[in-house]
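Any read-out appearing in this document is the output of simple, stated calculations on the displayed coordinates, not a laboratory observation. Since we're looking at a predicted model, the values are computed, not measured. Reconstructed Cβ throughout: ideal geometry from the backbone, glycine too, with neighbour counts over all protein chains shown.
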Amino acid sequence: MEYPIELTYHPIPLMLVYGLPESAGKDVKDGEHAKGPTESKSVEEGQVEDHKASADGTLKQGASVETSPTVQRRGSTSGPRSKQQQSQSILAAMTMKPSLSLWEAAKFSPSSDQSQSAKGTVAGTVFGLPHFHVRAVPQTYELPPRSSMVNAASAKPPSPLSPKNSQSPLYPDGIITPQWIRKYRDDIPAVAVGFYDLWDATVDPKSAVLPPDSQRVRSPVNPLGSHLEDPEACEHDSRLAHSINQRRKSFQDRGIKFAAVLVISQAHIDDASVDHRIATIRRSCGLDIKNSFFVLPPISTTNEAQEFVSNLFRSVYEPAMSFYSDLIKDVRMKRSKLPSPTIQSRPPINPNHPAAQQAHPLNIQGWLTRYDYKVATWLEFKQDIEGACKGFESAYTYLLDMFQTHSRITPGYPGLLPGSKRWQEARILADCLNCKICRFYVFLDNGSAALSQLNRHLSAFQTLLSTWKSGEDTYDYWAWLSKQYKLFAETMSTAVKHGFKLPPAYNPSIPHPASLARSILSIEPEHGTSTSNPGSLLQHAGFYYHIAAMCSAERRRRFHELQSQLANQTAAVETRDNQVQVHVPPTFETEKAVDHSNVTIELLTKSYEHFKRHKNTRMTLYMAAEIAGSYFEAGKYEMALKFFERIGKTYRKEQWTTVLISILRWSLRCARELGAWDHAIEFLLELLSPRLEMPLPKRLEVQHELVNTLNKNEVSNGTEPQELVFNMEHINPFITCTVQFRKKNFDLGEDVEFQVEFATQRESPPESITFTAMEIVFDIPNLTQRYSHDESHHAVTDSEKRIEFIECGSVSDPNAAEQQQGVNLTFQSDSRKIIGAKLRRKDPGDLTILAVIFLYETKSWNIQCHYDLTQRLHNESEAPARRRWYKVSDDSTTDKPSIRSLLLPGRGEFFRTSIKPSVQNLPMQFERVQHLLLDEIRKVNILIENREEYAIIARLDIHIKGAPSTDNCDFLAVDADAFNNTNVQLTSFANVDLGVIGAGQKVAQHFHVKVCKFPDTRVLEAVLHGRPETAESVNATESETREQAHLPILPAFQIQYQAYPQAVDDADAVSIVTKNHLRYHEDVLLCATIRACADDVIIETTGLNFQSQSPENKNGIHWAIHGKEDTKQALPRTIHRDQSSNSVFLLRGSVENIHRFPPEAISPGCLAILWRRTNETIPAQSFFPLPSLTFYQRYVHAVAHIPKPMQVDQPVHLRYVIHNPLPQMAQLACTMESSDAFCFAGYKHTKVTLLPMSCHTLSLMCWPLVPGQVRLPRLRAEWLGKETREDIQVVAGFGNVLSTQDAKPLVVYVLPKHV
């Protein structure tokens, strides 16, 4: 059943364009763009097929409308186009998209601003450009004439398409015809646009011919400055205005918007009178300058043409909508004048009564349907989708009631006669209305309402079709149902493409098509949705394409059933048997021409694409299987086989054995039909696998078919047998193969043992099968071993365990491996066959068994079953089995050999091993070292024993590792003197040539270790290289023996420093070197507390290494021990563990230039300690950095000389000495702050001027008033002449020692009075 395109496509306003040259419209013939998409394409696909933009440019959507007729001089780099090219560009821009989908056309609808979220959007598209269906017509085109009056007194006669007109195809009871929609789509426009050329004498052949070098003066200027009118131009302009007026009146009389476009040529650009001429023509025509009169200057690019067309469309869009609004008003007025449908009610009439079968005029219910349909269609032209949806729903409700036997709206009125012409028309109209309503609901983002409408339509007509004897047992029903789902799928596909969002969760399932259709038709979404039923929730298009495909397949089955019944009826007539007459539908001959398989495959392919796009893997595979089945039914076995093989890989990998069995059987049938016996043999081999569960008789049939296929003489005599190779790792094998090397590593010269285990399950093979030969392929070609079938070959059999062990012996010569050996290659069900062998290599290296190959040879075929071990994949759902090794042992109770399996270390298969040089028995042992101290040189011994029966040439490599830094701080040396030799470069490696170690001899080798940084654990690793001391072993590979020992590293000492600055007189602190060079020095008493951390140690000397002695000293600071040239203290003393010893140094730091004090504290150098353990003789030297020291008196400061002791009521003399060590003068304002604990006599405010390198003393007489910890009177000395307030530092001085802390406030202890 095909639907008229007029009833299903989405209309847009019609614009008639005339006046363009005929040559420009050759590609756009009359009505070509009005035809819409062809019927061969689906309705929605035809509407969404975009017309590709030309390479000149794309459509601009934002240019302003040209509201002035004044000529705009366009500046363009390219020259102006010819008139024909300009017309072609304009027409191409107008007809860029001849057909649009609902989502594209409704972007400029009146409700677009209110429901933008409800509509899908196209990425990159700008809203605001209306669309018109443009039809180019000749200059002489006339509108269809109106109906003539019957007589002067009568009203308007009925329309030629009205049911009241006897000449109408709807007379007397038709509802609507596609011709009515075609009339408004192709003939009656909403806008008419005429293009007119402004007259130009240079292109008019009737004008006088001018000389080629002359230039005509077009508009002379009168003395007042105005242009004189050209009489000839005025005459042509008058004719043009008259022609435009005639067209305007003819269109406006019909309510059609008219617009005129005045085309000017390049010659008019420089004409000063052209603006006056254009204004005169517009006034004469009476056209509005905003939306009825346009001027088209010469265009140079396609973008300019598109810009003009966009402005034109925007300007005339609103008036065009008024045309449809007027039509809607007229129809609604007619509808309001209709009486109520109940007025036509009458007693019920039997449908079979002759009166019920007679044609009656269209009843009121039919007129309501007709009027509602017209209003909805015009609203659709206006892109008012919500209003159109309501109108179509109303028409659908009235129309659905007309199919009933007795109308519920018009009681007693008979429904449409089934099978009649009007019944067919109404049924097509109902289907098209349902399609449009569903599409509108989806556009309005109401997916549940769209699905409800679809289910409502299907449920209603399912009941009606059953009443009309066209139910589920007919192919017509399934053809109709497939069509409905296909249309809905196309709607969903287009909606999703334009941005429609599906519900967040859906769960499609695949039941039988008949049950699926029944379940969907019985859904009532109003009662709630459930994911258990796929029809209760809106799905993507692939789901509905699949339902349509299943309905199409059911249609094919019903049709073939009918064909079989008709064939049986024909045979019965020939044999004169009495049978029931089979009813032949009127569409039977048409149905014969339908290629059902292609239709089904096309729908399944679309469903496959959508499921794949939504990443639903399971459904995608299911669709592929359905496509393969359809190809098989269509006899396209090659395509079916390709699909089956493609999906079989996934089901095989994921172990969906039940589905895989079905796929293999279908594939086998395809291979039989194609005569592809190589594929058939592969499918039969996999069907024998015990993983694929099937009854024993079925499996026995598979094996018999396999044997028969292999023994077929398909190859002509005199030719070689055809060779087939099957990779058993890519399919499910019926014989499992496991390879095991006994060990992962073998010694050179040792027998490399391996076993190949073949196992069959109880289910397969049902009968024994014998192979011709077997090969074990190694990565070294000359090691490949071949075994031919030999039943007489001796084998050990354990009948209880059903295990057969075949020992193939040893192959020591690689050339001997090419010799064939005989083994029994007959396999039965539920048995194991173990083939054991060994070989010996003379060279070290890796050895891999690449594959195990079974060969089955007949006259026609050479079959090779490859077990490719390198491609074997482990099943992640199963843990690898424990490794087993089979061994033959004698049973003392039965005097029969038995086969036992031993568990080997590891899991899985070892089909790869390594052959390494044999390792001599040379054990090593480190002498135990409890710990090592930093900077200590410690001796470590290694004991080596040769337990071999021959002498060995040995070499020892030692490496210390584990340092947390890349700095070279760990050192190894054999001789301890190397650490004191500056010419020897020490590293963390050492090697010793041990020479020859005799059989059974023990050797002790020592080396020395020193670690300078990072107390942590180090690892000593010793590698012993050895080879036998024989003449033939000169070129032999050395063996290695490794041994490790962990060595804890501990610090020897922990150092704490305390610095005490010494008070120095300013006169003594400064010395004159030269006239402009003063030297300054200060003294610091440095006390170093040395604590032994790990062991008892003897400190022989302690000393200081100063940085000022090195050339790196760039600060000009020199530190030295005051009064001594030797920096060492040779005082040997023993410090026990966790005890301390002090070393005191009086340091003097000097600055060569007093003008350049160091900016910050720096370290003078390091403390050097020469020490050794109490039980060791090798001394060690450690260096510890000194603390950072500064010049405490490098700024102006005050020192408080505090007398001791203090007692209440005993006066004391307190002195504040202010020092200026700077080379410039300092002026200070001094203030003495009072204290509650003292009463003092002296200056409270005074100013002090300090010369460079001088000092000043402030004296106070103080009387302590209270005992205890009290605060002295505080001295505040401020710099004068500085922008910011700055106090000098005041410190306390106790004898010659200064406090390093700021004395603010200075606190002293006062004794009580009577102490």
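Taking a cut-off of 16 Å, what percent of all Cα-Cα pairs in region 1161-1264 are separated by more than that?
Within region 1161-1264, distances greater than 16 Å cover 72 percent of Cα pairs.
What are the ³J(HN,Hα) couplings of region 604-615, residue after residue, when phi is run through the Karplus curve with 6.51, -1.76, 1.60 and θ = phi - 60°? Round to Hz, x for glycine and proline.
For region 604-615, the Karplus curve yields 5, 5, 5, 5, 4, 5, 6, 5, 5, 5, 8, 6 Hz.
Please compute the modelled spin-label separation between E949 and K1204, points set 7 Å along Cα→Cβ, answer in nm with one decimal.
Spacing of the two 7 Å Cα→Cβ label points: 8.8 nm.
Determine the shape class of region 878-1014: with a ≥ b ≥ c the square roots of the Cα gyration tensor eigenvalues, call it rounded for a/c under 1.5, and otherwise prolate if a/b is greater than b/c, oblate otherwise.
Judged from the Cα gyration tensor, region 878-1014 comes out prolate (a/c at least 1.5, a/b above b/c).
Translational diffusion coefficient, Stokes-Einstein: compute it for region 617-769 using the Kirkwood radius over C-alpha pairs as Rh, at 4 °C and 1.567 mPa s, and state it as an integer in µm² s⁻¹.
Value of D from the Cα-based Kirkwood radius: 74 µm²/s.
Scan around F1053 for amide H atoms under 5 Å from its own, H built in the peptide plane at 1.01 Å from N, and keep only partners 5 or more places away or cross-chain.
Result for F1053 returns C1093.
How large is the direction-averaged shadow of the alpha-carbon convex hull of region 718-759, in nm²?
6.1 nm²
Between L903 and D1016, take the C-beta separation as r, use R0 = 35 Å, and let me know the FRET efficiency to the nearest 0.05.
After rounding, the FRET efficiency stands at 0.25.
Could you work out the equivalent-ellipsoid semi-axes for region 430-496, taking the square root of 5 times each eigenvalue of the Cα gyration tensor, largest first, in whole Å?
Semi-axis lengths for region 430-496 are 24, 12, 8 Å.
Once R0 is set to 35 Å, what does the formula 1/(1 + (r/R0)^6) return for the Cβ-Cβ distance between V992 and V1144, expressed as a FRET efficiency to the nearest 0.05?
In this case the efficiency is close to 0.15.
Could I have the simple spin-label model distance between D977 and F926, label points 7 Å from Cα toward Cβ, reported in nm to one decimal?
Between D977 and F926, the simple spin-label model gives 2.8 nm.
Once fully extended, how much extra length lies between Q1224 and K939, figured as 0.36 nm per residue of separation less the alpha-carbon to alpha-carbon distance?
96.4 nm
What nm value, rounded to one decimal, do you get for the distance between V725 and S322 when each label is placed 7 Å out toward the C-beta?
8.3 nm
What residues qualify as long-range amide H neighbours of T784, i.e. H under 5 Å apart, gap of 5 or more or another chain, H built at 1.01 Å from N?
F778
Of the cross-linked pairs K97/K164; K939/K1002; K712/K801; K249/K390; K334/K483, which ones have a Cα-Cα span greater than 29 Å in the structure shown?
Among K97/K164; K939/K1002; K712/K801; K249/K390; K334/K483, the Cα-Cα distance tops 29 Å for K97/K164; K712/K801; K249/K390; K334/K483.
Only Cα pairs under 8 Å and at least 6 apart count here; give the relative contact order of region 727-867 as a rounded whole percent.
Answer for region 727-867 is 33 percent.
Spelling out what I want: for every residue of region 298-314, take phi, set θ = phi - 60°, compute 6.51 cos²θ - 1.76 cosθ + 1.60 (Karplus), and round to whole Hz; glycine and proline get x.
These are the phi-based 3J(HN,Hα) values: x, 10, 10, 10, 5, 4, 5, 5, 5, 5, 5, 5, 4, 5, 5, 4, 5 Hz.
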